[in-house]
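Participant: Handing you this structure, nothing more for now.
Rule-based calculations on the coordinates, nothing more; no lab input. What you see is a predicted model, and the numbers here were worked out from it, not measured in a lab. Cβ placement follows ideal geometry from the backbone for every residue including glycine, while neighbour counts extend to all protein chains displayed.
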Amino acid sequence: MTLRLLVALLAGCSGGDASDAAVPTQGGTVDAGLSEVRAPSAEAGGTLRVVTSQIDSLDPQRSYLTGVWNLMRLYVRTLVTYSSEPGRTDQLVPDLATDLGTTPDGGRTWTFTLREGVAFEGGRPITSRDVRYGIERSFASEVIVGGPRYVLDLLDDPALPYAGPYDAESQEGGGLASISTPDDRTITFTLTTPTPDFPYVLALPSSSPVPAESDTRGDYGLDPVSSGPYAVTSVDGETGIVLDRNEAWDPATDDVRTALPDQVVVRTGMSGLDRDQALLAGSADLDLSGTGVQVATTNRVDGDEDLLDRIDDVTTGAVRMLALPSTVAPMDNADCRAAVSAVVDRTAVQEQLDGAGNAVRTSVLWPRALTGGPEDTDPAPDLDAARASLAACGRPDGFATVLAVTDVPMAVAVASEVAAQLAQVGIVAEVRPLDAASFYATEIGDPATVAANGYGVVLATYTADFPTPASFLVPLVDGRSIRTPGNTDYASLDDPGVNGLVDAARAITDPAGQPEAWRQVAQAAADTHAYVPLVENRVQLLAGQRLRNGVVMQGYGGYDVATAGVGTD
């Protein structure tokens, strides 16, 4: 595969200091940050210059952007977190806790012990009650909005709902009953259902400690209290975000973060092309956004070897797929869904997405980075099989439906390509672009809206929050996960057989037996033809000229800010 990247922007475009031009481009090899450390260095000092598009919130309980979660590794610590070791960044390691937790009952009860010597900025020791309070904040849903909601499902009692720490009645009852803190260093969680993946929930910034005395509720993101090596010292719409060293952080308690730079400056609100220019010209060291270099950038120039050596090619785990809602006729018939599945030409979809450099074909409900998945046969379109399925579902001449898509040019182009493919067998799909801001939340995320508007085909992109089969599959295929709004079972798939296999997979506590159990879930879901996987997105990360210790965080689609340094020579 050829990576086509812009190289004609280097002179006069930096927008930074005049000294930038004197900074030598750091050498390396293509994909060096995936399996090893790009430009390793133990040199401390300097300012790490970061660029990104948007910051949804600096409040750890309110952010739901993976790029922001990456940034939070600088000032937020959790009981467990993702490793900074190359090739293992999808694996958990202890952080505030001494280990990855213990569970005596297959994942229903989890106990963690905090390290000694961990402290907030200002020096106050972090206790188990601070971890509990941080998690309790997510339950104040009228104030703490926007973040992950896993803890609500796993820790709340439906018969006696907890309303969060700002509700006087809930606090009089002793707080969230499912979390116990018998002493300053011990915390035990009792879940509503056995969940072997629960440590991944605790690795989210939303599970980080917050000192109750410093909680400013909805304004907490303006000045979050640090538990990591840096503290947020300035937030400005014009100049960006500045983080300076947190003197209370003790590196002896932290095996993950190296904290090499003296300061980190984040420039926000930048377009993709502006971010590319900054990286190419030396005025930025890394891009937090996780989108990689832009299409307009990749299409400008081929084959500059020096530039290619600064590239890491990452398959993101974001799978673009067709969902065929079973609540919309004729997609309530499995044979009609099978007809759609048989028509699809994944190669043509890949070409609409600018080729293999931006998308990898996939025919399985399983991200490539997860080992142990079903075999991907990458089938070609089979129009004869599609016509046979149409006959079996009683629609030999085809049918009409609506293809819902987010109103983004590239997504509409893919939807139009799919519609043209379906037309070959008489399936007339009206491509209906919908507002991107509400597409996932209240359009395809509301089963009633899907049914009322007759969205028989939905073009969606889905990314799991955790690098596990359960995290990817359950929200998509378990009928008991259907909810309004915010539904992620876009096909409204509620198949008893699939649900039963999910239960069986969740009941397996031996890690060796889990992949096969989840493969069975994926295969059973595929057999319903409720989803038609198309491609998995890939991005090319571009390392800045000064970036040192570049390690690709697979789950965040960018370089790990917790270990990044800068060259100052």
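Participant: Work out from phi, with θ = phi - 60° and the Karplus expression 6.51 cos²θ - 1.76 cosθ + 1.60, the ³J(HN,Hα) of each residue of the range 319-328, listed in order in whole Hz, and give x for Gly and Pro.
Facilitator: Using θ = phi - 60°, the values come out as 9, 8, 8, 9, 9, 10, x, 6, 8, 10 Hz.
Participant: Based on Cβ point charges of +1 for Lys and Arg and -1 for Asp and Glu, what charge dipole magnitude is obtained for the range 316-538 about its Cα centre, in debye rounded to the nearest 20? Walk me through the numbers on the way to the answer.
Facilitator: Numbers: 13 positive and 27 negative charges, 24 e Å.
Result for the range 316-538 is approximately 120 debye, rounded to the nearest 20.
Participant: Which helices count as membrane-span-like in the chain under these terms: full DSSP H, at least 18 Å along the axis by C-alpha, Kyte-Doolittle mean of 0.0 or more?
Facilitator: Values: long enough: 409-423 (21 Å, 1.31); 514-527 (20 Å, -0.81).
Helix filter hits for the chain: 409-423.
Participant: Next question. What's the Cα-based Rg to Rh of the range 218-266, Rh via Kirkwood? Let's see the in-between values first.
Facilitator: Values: Rg = 11.8 Å, Rh = 11.7 Å.
In the range 218-266, Rg relative to Rh is 1.00.
Participant: Using the scaling law 2.2 N^0.38 Å as the reference, what is the normalised Cα Rg of the range 155-246? Walk me through the numbers on the way to the answer.
Facilitator: Numbers: Rg = 16.5 Å, N = 92, 2.2 N^0.38 = 12.3 Å.
That works out to 1.34 for the range 155-246.
Participant: Bins of 10 Å, beginning at zero and ending with the bin holding the largest distance: percent of Cα pairs per bin for the range 301-342, please.
Facilitator: With 10 Å bins starting at 0, P(r) equals 22, 25, 16, 14, 19, 4.
Participant: With the Cα gyration tensor of the range 237-292 giving a ≥ b ≥ c as the square roots of its eigenvalues, does the rule (a/c under 1.5 for rounded; else a/b larger than b/c for prolate; else oblate) give rounded, prolate or oblate? Display every interim value, and only then the final one.
Facilitator: Working: a/c = 2.73, a/b = 2.01, b/c = 1.36.
Judged from the Cα gyration tensor, the range 237-292 comes out prolate (a/c at least 1.5, a/b above b/c).
Participant: Just want the answer: with Cβ charges of +1 for Lys and Arg and -1 for Asp and Glu, which residue in Ala140, Pro224, Leu92 is farthest toward the dipole's positive end in the range 55-228?
Facilitator: Positive-most Cα among the choices belongs to Leu92.
Participant: When the dipole is taken about the Cα centre of the range 130-284, and only Lys, Arg (+1) and Asp, Glu (-1) are charged at their Cβ, what size is it in debye, to the nearest 20?
Facilitator: Details: 9 positive and 26 negative charges, 87 e Å.
In debye, rounded to 20, the range 130-284 gives about 420.
Participant: Can you tell me the relative contact order of the range 316-538? Whole percent, Cα pairs under 8 Å, sequence separation 6 or more. Working shown, then result.
Facilitator: Working: 435 pairs, mean separation 77.6, N = 223.
Contact order relative to length: 35 percent.
Participant: Could you line up Thr190, Thr109 from fewest to most neighbouring Cβ atoms inside 10 Å? It would help to have the intermediate numbers written out before the result.
Facilitator: Working: Thr190 15, Thr109 18.
The order, fewest Cβ neighbours first, is Thr190, Thr109.
Participant: Based on the Cα coordinates of the range 413-569, what is the per residue volume of their convex hull in Å³?
Facilitator: On the way: hull volume 26.5 nm³, N = 157.
Given the Cα convex hull of the range 413-569, per-residue volume reads 169 Å³.
Participant: Full extension from Arg149 to Ala329: what is 0.36 nm times the residue separation minus their Cα-Cα distance, to one decimal in nm? Please list the in-between numbers first.
Facilitator: On the way: separation 180, 0.36 × 180 = 64.80 nm, distance 3.18 nm.
This chain segment gains 61.6 nm when fully extended.
Participant: I would also like to ask the following. Taking N as the number of residues in the range 316-538, what is its Cα Rg relative to 2.2 N^0.38 Å? Each step should come with its number before you reach the end.
Facilitator: Numbers: Rg = 16.3 Å, N = 223, 2.2 N^0.38 = 17.2 Å.
For the range 316-538, the normalised Cα radius of gyration is 0.95.
Participant: A further question on this structure: Per the Debye formula with a single identical scatterer at each Cα and no solvent contribution, what log10 I(q)/I(0) holds for the chain at q = 0.13 Å⁻¹?
Facilitator: The Debye formula, applied to the Cα set alone, gives -1.40.
Participant: Oh, and also: Using only the alpha-carbon atoms, what does the range 294-403 span along each of its principal axes? Please give whole angstrom values in decreasing order.
Facilitator: Largest to smallest, the principal-axis extents are 59, 33, 25 Å.
Participant: Moving to a separate point now. Across 5 Å bins from 0, what is the distribution of all Cα-Cα pair distances for the range 99-174, in whole percents?
Facilitator: 3, 12, 18, 21, 19, 18, 7, 1
Participant: What shape does the range 193-348 have by the C-alpha gyration tensor, where a ≥ b ≥ c are the square roots of the eigenvalues, rounded means a/c under 1.5, and otherwise prolate means a/b greater than b/c and oblate the rest? Mind showing how you got there, number by number?
Facilitator: Numbers: a/c = 2.35, a/b = 1.36, b/c = 1.73.
It comes out oblate by the Cα gyration axes.
Participant: Next up: Rounded to a whole number of µm²/s, how large is the Stokes-Einstein D of the range 55-228 at 37 °C and 0.692 mPa s, given Rh as the Kirkwood radius over C-alpha pairs? Before the final figure, lay out each step's value.
Facilitator: Values: Rh = 16.1 Å.
Result for D is 204 µm²/s.
Participant: Provide the FRET efficiency to the nearest 0.05 for the Glu238-Ser214 pair, computing r from the beta carbons and using R0 = 25 Å. Spell out each step's value before the answer.
Facilitator: Working: r = 26 Å, r/R0 = 1.06.
Given R0 = 25 Å and the Cβ-Cβ separation, E is 0.40.
Participant: Treating only the Cβ of Lys, Arg, Asp and Glu as charged (+1, +1, -1, -1), what charge dipole size does the range 344-426 show about its Cα centre? Round to the nearest 20 debye. The partial results should precede the final answer.
Facilitator: Details: 5 positive and 11 negative charges, 35 e Å.
Value, rounded to 20: 180 debye.
Participant: May I ask you to order 114-125, 533-544 by the average number of other C-beta atoms within 10 Å around their residues, highest value first? Walk me through the numbers on the way to the answer.
Facilitator: Details: 114-125: 16.4, 533-544: 23.5.
Most protected by this proxy first, the peptides run 533-544, 114-125.
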